[in-house]
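Student: Take a look at this one; I'll ask things after.
The values are calculated or read from the model by the stated rules, or taken from the named source; none is laboratory data. What you see is a predicted model, and the numbers here were worked out from it, not measured in a lab. For neighbour counting, all protein chains shown are included, and Cβ atoms are generated from backbone atoms with ideal geometry for every residue, glycine included.
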Amino acid sequence: MQTKTYNTAPYDDQKPGTSGLRKKVKVFQQPGYLENFVQSVFNSLADFQGKTLVLGGDGRYFNRQAIQIIIKMAAANGFGELIIGRGGLLSTPAASNLIRKYHAFGGIILSASHNPGGPDEDFGIKYNVGNGGPAPEKFTDALYQNSKIITSYLIAQFDDIDLDNDAELEIDGLKIRVIDPVDDYAELMAEIFDFKLIKQSIAAGLLSLRFDAMHAITGPYAKRILENELGAAPGSVFNAVPLEDFGGGHPDPNMVHAHELTEIMFGDNPPVLGAASDGDGDRNMIMGANIFVTPSDSLAIMAANARLIPAYAKGIKGVARSMPTSQAVDRVAAALGLPCYETPTGWKFFGNLLDADKITLCGEESFGSGSNHVREKDGLWAVLFWLNLLARKRQPVEDIVHEHWQTYGRDIYCRHDYEAVDLAIANEIIDHLREQLDSLPGKNWGAYTVKFADEFSYTDPVDNSVSSHQGIRIGFTDGSRIVFRMSGTGTIGATLRIYLEKFEKNIRNHDQDAQLALAELIDIAEQLSRIKKLSGRTEPSVIT
Ligand code: G1P
Ligand code: ZN
């Protein structure tokens, strides 16, 4: 194969964040920017010659150009086979499945997840390892080091590949397979869930749904699975055509951005289930008629009912949640006598626990949940989990949630995000919080007394690797918590996140509005952090 070496100079900003490298499209379009990063990925890998790489993305602006470049770079660097989703498309969970199913060496996924797309918006790229999951920190650290000393990259000299038709090609010993992005994933879902039961329930009129694909990658997946295979009424899946700019929207499945769905679910004659997924298909939002299920509650409810799902009928091994996720799932684990792990934010921290079979289900408050079926969070999987659950229980979502709270108590929860805060101010806020930690235990605000205050550090129980500076935690004697973190996925300034949570055992207090129930904690959070005061904001940019 004819390859060419191009000289380059390093960029100093290629440090991957919570989930790969995310920057404005314009940043990625700088000469050699994408190439430097991809070559640095390959320079951080060993023994991949002749092996398989999975390639696909969420279809956002620049996906098609980037994929052609990566194909040629992977070829020049010595991969033996490339498996590419048709159109250059693969949802993140589908890519994870392909890596596992075809025993690929790894995969490159092009996505900035739920961030907006388009020429002036965001692009992203992440590398997943052979277990199908995001590369661990030791890899991303090495990659960043390599990106700072890179001097050249390699590109094979051949024409762009036709990605719009399924094909099996060979170019000088390199195999390229362009495959249907949905087939293998749909097959996996049918192995996990009781498709027959869901189908019967839909046909009998017991189950109805609306799914908002937000003009992102899950459109084709949801159409095929929910409408074609399970028989949901045509149009149940809406905003189903993936667009390079997501129709100008922000493909983040929460009640702010999936407002169309929210209106349906709180409007007249809502369906039994409402759901949405994000740009790359790994997030999910679950709603019922007149109810929003917080992701933390959704995870807890899944854990409590896992035995109703064929793949988990024999029971689950354990559960894990990211640190800022509410403690609702902990209560289920305690009741079932299961281990429960608290990990730093980001799906990569679940990989070892899943690989070692210590957990079966895991999730994050940021609209992510998943299981051992792949090594990424999985939006449609969560929707199918709920459909299967609803088909088994034949109850409205609202009743399932309320019964869950009756059994375990309710962890009233919400997150406040302050986006695009000046980085220096954000650092000052976090530093100031850090300085107060030692003096906080024992301090009172009304009924709240601080039990502990620390900066979360995690020791992976499988490989003993330590990840520190993972967020400021303030725990109160009644189990309430306030957590502060700086986002690792934003592309402008800093995003500060405040996570608030309060436990309510008393059924009579379960029907409260979360913002009102958390008002006192919200106030304490401001007193501690002075976010509003220092950033000049009067309210959070987004509340979820
Ligand atoms: C955010 C979420 C985190 C999730 C990540 C990727 O990261 O908070 O839970 O894993 O996106 O979807 P953050 O911006 O907070 O670093
Ligand atoms: Zn995503």
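Student: Any residue in segment 341-349 that is within 11 Å of ligand 1 (Cβ to nearest atom), buried (at least 24 other Cβ atoms within 10 Å of the Cβ), touching a residue at least 60 places away in the same chain (Cβ under 8 Å) and among the β-branched types (Val, Ile, Thr)?
Tutor: Yes, the conditions are met somewhere in segment 341-349.
Student: Continuing with the same structure: Out of the residues in segment 484-493 that are at pLDDT 80 or above and of a type in the set (A, V, I, L, M, F, W, C), state the one that is surrounded by the most Cβ atoms within 10 Å (Cβ to Cβ).
Tutor: Among residues in segment 484-493 that are at pLDDT 80 or above and of a type in the set (A, V, I, L, M, F, W, C), the one surrounded by the most Cβ atoms within 10 Å (Cβ to Cβ) is 484.
Student: Quick test for you: out of 89, 53, pick the one residue that is away from ligand 1 (no atom under 16 Å from the Cβ), crowded, with 24+ Cβ neighbours inside 10 Å and within 27 Å of residue 149 (Cβ to Cβ).
Tutor: 53
Student: A further question on this structure: Counting only residues that are under 25 Å from residue 14 (Cα atoms) and of a type outside the set (S, T, N, Q), which one in segment 461-483 is surrounded by the most Cβ atoms within 10 Å (Cβ to Cβ)?
Tutor: Among residues in segment 461-483 that are under 25 Å from residue 14 (Cα atoms) and of a type outside the set (S, T, N, Q), the one surrounded by the most Cβ atoms within 10 Å (Cβ to Cβ) is 471.
Student: While we're looking at this one, here's another question. Do you know which residues across segment 350-378 are within 29 Å of residue 504 (Cβ to Cβ) and within 16 Å of ligand 2 (Cβ to nearest atom)?
Tutor: 350, 362, 363, 364, 365, 366, 367, 368, 369, 370, 377
Student: Just wondering, is there one or more residues in segment 41-54 that are in a helix (DSSP H, G or I) and of a type in the set (A, V, I, L, M, F, W, C)?
Tutor: yes
Student: Hey, another quick one. It is to be established whether one or more residues within segment 380-400 are touching a Lys or Arg at 6+ places or on another chain (Cβ under 6 Å) and either within 16 Å of ligand 1 (Cβ to nearest atom) or small (Gly, Ala, Ser) (or both).
Tutor: no
Student: Looking only at residues in segment 123-151 that are part of a strand (DSSP E or B) and modelled with pLDDT of 95 or more, which one is farthest from ligand 2 (Cβ to nearest atom)?
Tutor: Within segment 123-151, the first condition is being part of a strand (DSSP E or B), and the residues that meet it are 123-128, 134.
Remaining after also requiring modelled with pLDDT of 95 or more: 123-128.
Numbers: 123: 14, 124: 9, 125: 13, 126: 10, 127: 16, 128: 13 Å.
For segment 123-151, the residue satisfying everything is 127.
Student: Looking only at residues that are of a type in the set (Asp, Glu) and touching a residue at least 24 places away in the same chain (Cβ under 8 Å) in segment 257-282, which one is surrounded by the fewest Cβ atoms within 10 Å (Cβ to Cβ)?
Tutor: Filtering segment 257-282 for residues that are of a type in the set (Asp, Glu) and touching a residue at least 24 places away in the same chain (Cβ under 8 Å), the one surrounded by the fewest Cβ atoms within 10 Å (Cβ to Cβ) comes out as 260.
Student: Filter segment 267-301 down to residues that are closer than 19 Å to residue 322 by Cα and among the β-branched types (Val, Ile, Thr) and give me whichever is farthest from the chain's Cα centre (by Cα).
Tutor: In this case the residue turns out to be 301.
Student: In segment 442-468, how many residues are farther than 20 Å from residue 518 by Cα and touching a strand residue (DSSP E or B) at 6+ places or on another chain (Cβ under 6 Å)?
Tutor: Taking segment 442-468 first, the residues farther than 20 Å from residue 518 by Cα are 442, 454-468.
So of that shortlist, the ones also touching a strand residue (DSSP E or B) at 6+ places or on another chain (Cβ under 6 Å) come out as 454-456, 458-459, 466-467.
The qualifying residues number 7.
Student: Given the criteria at pLDDT 95 or above, under 17 Å from the mean Cα position of the chain (by Cα) and not β-branched (Val, Ile, Thr), does residue 110 qualify?
Tutor: Spelling it out, residue 110 is indeed at pLDDT 95 or above, under 17 Å from the mean Cα position of the chain (by Cα) and not β-branched (Val, Ile, Thr).
Student: Another one. Within segment 156-268, which helices (runs of 4 or more DSSP H) (wholly inside it) include 3 or more residues that are out of contact with any helix residue (DSSP H, G or I) (no Cβ under 9 Å at 6 or more places or on another chain), farther than 28 Å from residue 110 by Cβ and at pLDDT 95 or above?
Tutor: Result: 259-265.
Student: Which of the residues spanning segment 416-430 are under 15 Å from residue 529 (Cα atoms), out of contact with any helix residue (DSSP H, G or I) (no Cβ under 8 Å at 6 or more places or on another chain) and of a type in the set (D, E, K, R)?
Tutor: Answer for segment 416-430, where residues must be under 15 Å from residue 529 (Cα atoms), out of contact with any helix residue (DSSP H, G or I) (no Cβ under 8 Å at 6 or more places or on another chain) and of a type in the set (D, E, K, R): just 417.
Student: Conditions: (1) touching a Leu at 6+ places or on another chain (Cβ under 9 Å); (2) under 17 Å from residue 322 (Cα atoms); (3) not β-branched (Val, Ile, Thr). Residue 458 meets all but one. Number of the miss?
Tutor: All conditions are met except number (1).
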